[in-house]
Every structure is written in C-alpha cells, then in structure tokens.
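These notes are about the structure you will find just below.
What follows is calculated from the coordinates using simple rules that are stated; it is not laboratory data. Quick caveat: nothing in here was measured; it's all calculated off a predicted structure. Virtual Cβ from ideal backbone geometry, glycine too; neighbours counted across all protein chains shown.
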Amino acid sequence: MMRQLFLIFALIAGPLVAHAAPISASRTLPAGTVITPGDLVLAPDSDVAQAEALIGLQTRITIYSGRPINTVQLRAHRLISRNQVVPLIFSQGTLSIETSGRALAEGAAGDVIPVMNLGSRQTVSALINADGTLRISR
C-alpha cells in the first residue's frame, strides 16, 4: 500500500519539480583556473544569472570539457598563497605602520589568515584586502 502511494505521489509531483539546465565547461579547466565567460557553455534554457555568478571563481579540481560545473568544485579566487611575501599594514587613528610579512596560509579577499612579521618574527592574524594587502586590526 505504501509503495503504491509513493508511486502515485512521485508521478504527480515529479513533473512539478523544475531543474535548471547545467552549465558546462567549454574546455578542460585545470585546478586553480579562474573562470572566465569563455570557459562556460550555456544550454538554451540555462540560468544566465547563475552563469554570471561563476565568473571569477577558481576551480578546486580539474573540470573536463563538456562536464557540468557544480559550485562545490569552485572557490573564491585566492589572492594570497602560502609563503608569499605580502605587504602588512597596521593602522589605528592617524598612525599607520607598513612592513613585510610572510603568509602562513592561502586566502581570498575577506579571509583572515596567519602572517609572520618578517621584522619581529611574530605571528599575527591579518585580513586580506581586495588589492592583495593584509591589514592587522585591533
């Protein structure tokens, strides 16, 4: 009886569920590739807003040509890589101090990562700015 009810429900509700057409890769995208409009193939009934949201993201894994692109396979573009020497800025009021630091983790704009101050060898947490600088806040 339960099986019959499930089958009836599936037949009625099945056509009501709408799925957006998948957005596919136009070429093989190696891990770490930043998505551009030329990397995407849209089906005729694809959601353009969804495709625009993918542009600028970075692939976590290799996505092969013709395969659908899933948001789980993508991440925000990494501005800072591990061990990269970066400008480190501390500012409070009118006081501003700039020095160099070594990133101890990778990160995207808006991430907070540990950074070693190259002058003092102290580790601090810093916020990654969109321009690639790191800001220490207190």
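For region 112-119, 3J(HN,Hα) computed residue by residue from phi via the Karplus equation (6.51, -1.76, 1.60; θ = phi - 60°) reads 9, 10, x, 9, 9, 5, 5, x Hz, glycine and proline entered as x.
When the Cα gyration tensor is reduced to axis lengths a ≥ b ≥ c, the ratio a/c is 1.5 or higher for region 84-137, and with a/b not above b/c it is classed as oblate. Remark on Thr28: its backbone amide H falls under 5 Å from those of Ser65, a criterion applied only to residues 5 or more positions apart or on other chains, H modelled at 1.01 Å from N.
Using the Cβ-Cβ distance between Ala31 and Thr99 with R0 set to 30 Å, the FRET efficiency from 1/(1 + (r/R0)^6) comes to roughly 0.40. Backbone phi angles across region 72-84, fed through the Karplus curve with coefficients 6.51, -1.76 and 1.60 (θ = phi - 60°), yield HN-Hα couplings of 5, 7, 10, 8, 5, 4, 7, 7, 10, 10, 4, 6, 6 Hz in residue order; Gly and Pro are listed as x. Amide H to amide H, with H built 1.01 Å from N, Ser100 comes under 5 Å of Leu88, Leu118, Gly119, counting only residues 5 or more places away or on other chains. Per-residue Karplus couplings for region 123-130, computed as 6.51 cos²θ - 1.76 cosθ + 1.60 with θ equal to phi - 60°, are listed in order as 9, 10, 9, 9, 8, 7, 8, 5 Hz, Gly and Pro entered as x. The amide H of Ile80, built 1.01 Å from its N in the peptide plane, has Gly107 as neighbours under 5 Å, considering only residues 5 or more places off or on other chains.
You can think of it this way: the chain between Gln58 and Asp45 has 2.2 nm of extra reach, that is 0.36 nm per residue less the Cα-Cα gap.
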